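J.: Sharing a structure here in structure tokens format.
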Amino acid sequence: MRWRPPGQGNPAAEAHDVRVSARLGLWLATAFALCLATGLLSHLAQHAPWWPGRPAQLYRITQGVHVLAGTAAVPLLLAKLWSCWPRLSARPEPAAPRGPAAQRLGRRWGYAAERAALAVLVAGAVLTLTTGLVGRAGGAPGPFATAPTHHAVAWLTVGALAVHLGVKLPRIRDGLATPLGRPAPERVGLSRRDVLGGAYLSATAVVLATVGSTVPALDRVSPLARRADRGPQGLRVTRTASAARVTRVDARWRLTMQWPGGRHEVDLPGLAGLPQRTLRLPLTCVQGWSAHADWTGVPLVDLLAAVGAPVGRVTVGSLEPVGVHRSSVLPVERVRDRSTLLALRINGSVLDLDHGYPCRIVSADRPGTGQTKWVTALRVDP
Amino acid sequence: MALVLVGLALLGYGIRLLAGTARTPGQAVALGTWLLAGLLLPVLVLPLVGGVGLLVARTLPRPLRTTVAVGAGTSGLLLLVAVPGLAAPTAGVTWGGLLAFLGVFWALLLGATQSRIARDQRRGRW
């Protein structure tokens with residue numbers, strides 16, 4: 001007798017019913033859609049010059065949603081795979097034996113393509129969520145760059161998902177349109193409602209366990225949250241000075257500003273002697289945590305005016321010797337905005353070296369990767 | 001059909017991006033291993049976990065089966081989500097915090113189950 005996986009053709013295995021799979025798939029697709037939309041926004045916030053500086057909380061919200069939707073997708077994906085797995089090994093429905101050869105061949109190739117897309121979808125979804133979870137904790141799942149891999153494999157997954165949806169849409173519609181029904185007395189394992197309820201409960205639990213990273217008021221009930229207040233001067237640090245290979249900044253430090261036809265240097269007392277402005281702004285890391293702090297510094301536009309430099313796009317250089325964070329670009333709109341500071345103090349104290357001493361960029365609604373620390377050079381392109 | 005074509009275009013874009021991230025043979029091997037591991041999850045790991053879960057559930061009284069299955073599944077998921085944070089010393093995730101959360105979760109789950117059993121008994125369902 002041929003072995004048959006539980007649930008395949010067994011109506012008593014309610015967990016593997018298409019009504020369960022379709023409903024889990026709908027929630028999973030919703031979570032993935034949220035992740036894709038907010039992930040794209042995060043990509044734009046880091047790379048597109050037109051990302052708005054207002055409202056100041058925008059990136060904090062979109063990135064928080066990104067991380068929470070991705071976290072919720074973990075139990076939904078596993079429940080969905082558990083619900084579908086007997087069908088993963090299912091053979092194609094036999095073609096009409098007397099049909100034209102081309103039709104039989106087409107069906108066979110269609111089946112192979114659908115299975116290939118499904119394999120990419122499963123493998124891609126697992127790797128996308130893994131790189132997201134590990135990256136959120138500041139780690140790396142392998143010798144490859146976590147963020148670019150997360151970005152690439154997300155596109156792969158979304159593409160495979162679209163193919164899967166395109167092929168399975170009639171079946172999904174049927175599954176969603178059919179009521180769940182009452183549990184059968186002779187069922188094997190959990191009922192359809194139990195499986196769905198369990199998946200939703202798990203998703204809620206993991207979101208609650210991590211939401212404190214985004215909503216600091218809830219960090220007491222979120223044991224998996226990255227507490228934003230754990231760090232020097234009461235603010236978390238993602239990239240420390242030692243990780244950036246910035247060991248010390250001595251009295252010889254100067255801020256060099258260059259523009260076409262001009263150059264100016266200023267030391268730290270000179271910078272501290274300029275009119276300062278204090279603003280309460282959120283700092284949001286791409287890892288999902290965010291926190292407010294009182295930042296004190298010189299508005300960049302005021303600094304340029306003080307040294308006679310024109311207003312334009314500013315390329316910020318750091319003391320970091322290597323890496324993608326050693327420079328960033330501030331578009332002219334950001335430079336004109338008086339809430340873009342070259343900050344010297346945090347919460348009233350001189351910046352800790354890990355926070356970017358002697359000075360760093362702080363600009364509203366900008367990912368942490370663009371808030372360049374250990375600033376040593378500004379190049380203005382009018 | 002349009003959805004399939006859009007999907008294929010996105011797949012192609014994703015493959016191009018992924019190829020750009022694997023710059024050395026070591027990186028390519030690591031990425032391939034992760035993708036293969038993702039495929040093995042539904043083929044090997046989930047049936048194994050599900051089979052063990054079903055066997056354990058059969059040893060429990062029927063009213064507790066769903067509770068234990070959902071509780072164990074959620075606990076495993078929380079542990080899975082916590083692993084990267086527990087492994088990173090600067091993440092601030094601790095075993096104490098995780099265990100306290102699980103304790104509250106199980107207390108609420110068992111409390112809700114007990115209430116349901118008592119309500120069903122009052123209604124004479126079993």
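The values are calculated or read from the model by the stated rules, or taken from the named source; none is laboratory data. Every value quoted in this text rests on a predicted model; they were computed, and no experiment measured them. Cβ placement follows ideal geometry from the backbone for every residue including glycine, while neighbour counts extend to all protein chains displayed.
J.: Can you name every residue in segment A:278-299 that is more than 29 Å from the chain's Cα centre (by Cα) and of a type outside the set (Val, Ile, Thr)? Don't jump to the end; show me each part of the working.
T.: Of segment A:278-299, the ones more than 29 Å from the chain's Cα centre (by Cα) are A:278, A:297-299.
Residues satisfying the conditions are A:Gly297, A:Pro299.
J.: Also: Within the group A:Arg236, A:Arg230, A:Arg263, which residue is buried (at least 17 other Cβ atoms within 10 Å of the Cβ) and either part of a loop (DSSP other than H, G, I, E, B) or of a type in the set (Lys, Arg) (or both)?
T.: Values: A:Arg230 fails: buried (at least 17 other Cβ atoms within 10 Å of the Cβ); A:Arg263 fails: buried (at least 17 other Cβ atoms within 10 Å of the Cβ).
Exactly one residue qualifies, and that residue is A:Arg236.
J.: So, in segment A:331-355, how many residues would count as being assigned to a loop (DSSP other than H, G, I, E, B) and within 23 Å of A:Leu235 (Cα to Cα)? Quick ask: steps written out before the conclusion?
T.: Start the filter on segment A:331-355 by keeping residues that are assigned to a loop (DSSP other than H, G, I, E, B), which leaves A:331, A:337-340, A:347-348, A:351-352.
Remaining after also requiring within 23 Å of A:Leu235 (Cα to Cα): A:339-340, A:347-348, A:351-352.
Final tally of qualifying residues: 6.
J.: Taking the residues in segment A:10-41 that are of a type in the set (Val, Ile, Thr) and under 20 Å from A:Gly181 (Cα atoms) as candidates, determine which candidate is farthest from the chain's Cα centre (by Cα). Don't jump to the end; show me each part of the working.
T.: Restricting attention to segment A:10-41, the residues satisfying the condition of being of a type in the set (Val, Ile, Thr) are A:18, A:20, A:30, A:38.
Within this subset, residues satisfying the condition of being under 20 Å from A:Gly181 (Cα atoms) are A:18, A:20.
Values: A:Val18: 31, A:Val20: 28 Å.
Checked segment A:10-41; the qualifying residue farthest from the chain's Cα centre (by Cα) is A:Val18.
J.: Checking the condition within 30 Å of A:Ile346 (Cβ to Cβ), more than 8 Å from chain B (Cβ to nearest Cβ) and touching a residue at least 40 places away in the same chain (Cβ under 8 Å), which residue from A:Arg171, A:Arg239, A:Arg192 passes? Full working, then the answer.
T.: On the way: A:Arg171 fails: within 30 Å of A:Ile346 (Cβ to Cβ); A:Arg192 fails: within 30 Å of A:Ile346 (Cβ to Cβ).
None of the other options fit; the residue is A:Arg239.
J.: Moving on. Out of all the residues in segment A:64-84, is one or more at pLDDT below 75 and either assigned by TED's automatic domain parsing to the domain that holds A:Ala205 or among the charged types (D, E, K, R) (or both)?
T.: So the first thing to find is which residues in segment A:64-84 are at pLDDT below 75, and the list is none.
No - not one qualifying residue is present in segment A:64-84.
J.: Something else now. Assuming A:Val206 fulfils every condition listed in (1) surrounded by fewer than 20 Cβ atoms within 10 Å (Cβ to Cβ); (2) out of contact with any strand residue (DSSP E or B) (no Cβ under 7 Å at 6 or more places or on another chain); (3) within 30 Å of A:His292 (Cα to Cα) apart from one, which condition is it?
T.: (1)
J.: Can you find, within segment B:50-86, the residue that is surrounded by the fewest Cβ atoms within 10 Å (Cβ to Cβ) among those that are within 18 Å of A:Leu129 (Cα to Cα) and β-branched (Val, Ile, Thr)?
T.: Within segment B:50-86, the match that is surrounded by the fewest Cβ atoms within 10 Å (Cβ to Cβ) is B:Val83.
Here's the yes/no breakdown for (1) surrounded by fewer than 21 Cβ atoms within 10 Å (Cβ to Cβ); (2) touching a residue at least 12 places away in the same chain (Cβ under 8 Å); (3) in contact with a helix residue (DSSP H, G or I) (Cβ under 7 Å, 6 or more places away or on another chain):
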site: A:Gly270; (1), (2), (3): yes, no, no
site: A:Gln276; (1), (2), (3): yes, yes, no
site: A:Leu279; (1), (2), (3): yes, yes, no
site: A:His292; (1), (2), (3): yes, yes, no
site: A:Val298; (1), (2), (3): no, yes, yes
site: A:Ala306; (1), (2), (3): yes, yes, no
site: A:Arg334; (1), (2), (3): no, yes, no
site: A:His355; (1), (2), (3): no, yes, yes
site: A:Ala377; (1), (2), (3): yes, yes, no
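J.: So, one more: Considering only segment B:36-48, I want to know if a residue exists there that is at the interface with another protein chain (Cβ under 8 Å from one of its Cβ atoms) and out of contact with any helix residue (DSSP H, G or I) (no Cβ under 8 Å at 6 or more places or on another chain). Walk me through it before giving the result.
T.: Start the filter on segment B:36-48 by keeping residues that are at the interface with another protein chain (Cβ under 8 Å from one of its Cβ atoms), which leaves B:36-39, B:41-43, B:46-47.
Going one step further and asking which of them are out of contact with any helix residue (DSSP H, G or I) (no Cβ under 8 Å at 6 or more places or on another chain), we end up with none.
No, segment B:36-48 has no match at all.
J.: Need a quick list: helices (runs of 4 or more DSSP H) entirely within segment B:1-113 having at least 3 residues that are farther than 25 Å from A:Leu36 by Cβ. Quick ask: steps written out before the conclusion?
T.: Working: elements: B:2-21, B:25-40, B:46-58, B:62-87.
In segment B:1-113, B:25-40, B:46-58, B:62-87 are the helices (runs of 4 or more DSSP H) which contain 3 or more residues that are farther than 25 Å from A:Leu36 by Cβ.
Residues are listed down the side, and each one gets a yes or a no for (1) without any contact (Cβ under 8 Å) to a residue 24 or more places away in the chain; (2) under 18 Å from A:Leu161 (Cβ atoms); (3) among the acidic types (Asp, Glu):
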| residue | (1), (2), (3) |
| --- | --- |
| A:Arg107 | yes, no, no |
| A:Tyr111 | yes, no, no |
| A:Arg115 | yes, yes, no |
| A:Val120 | no, yes, no |
| A:Ala123 | yes, yes, no |
| A:Leu129 | no, yes, no |
| A:Val134 | yes, no, no |
| A:Ala137 | no, no, no |
| A:Ala140 | yes, no, no |
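J.: Does B:Gly32 satisfy the criteria of being at pLDDT 90 or above, out of contact with any Ser or Thr (no Cβ under 7 Å at 6 or more places or on another chain), closer than 27 Å to A:Leu118 by Cβ and more than 9 Å from every other protein chain (Cβ to nearest Cβ)?
T.: Numbers: at pLDDT 90 or above: yes; out of contact with any Ser or Thr (no Cβ under 7 Å at 6 or more places or on another chain): yes; closer than 27 Å to A:Leu118 by Cβ: yes; more than 9 Å from every other protein chain (Cβ to nearest Cβ): yes.
It is true that B:Gly32 is at pLDDT 90 or above, out of contact with any Ser or Thr (no Cβ under 7 Å at 6 or more places or on another chain), closer than 27 Å to A:Leu118 by Cβ and more than 9 Å from every other protein chain (Cβ to nearest Cβ).
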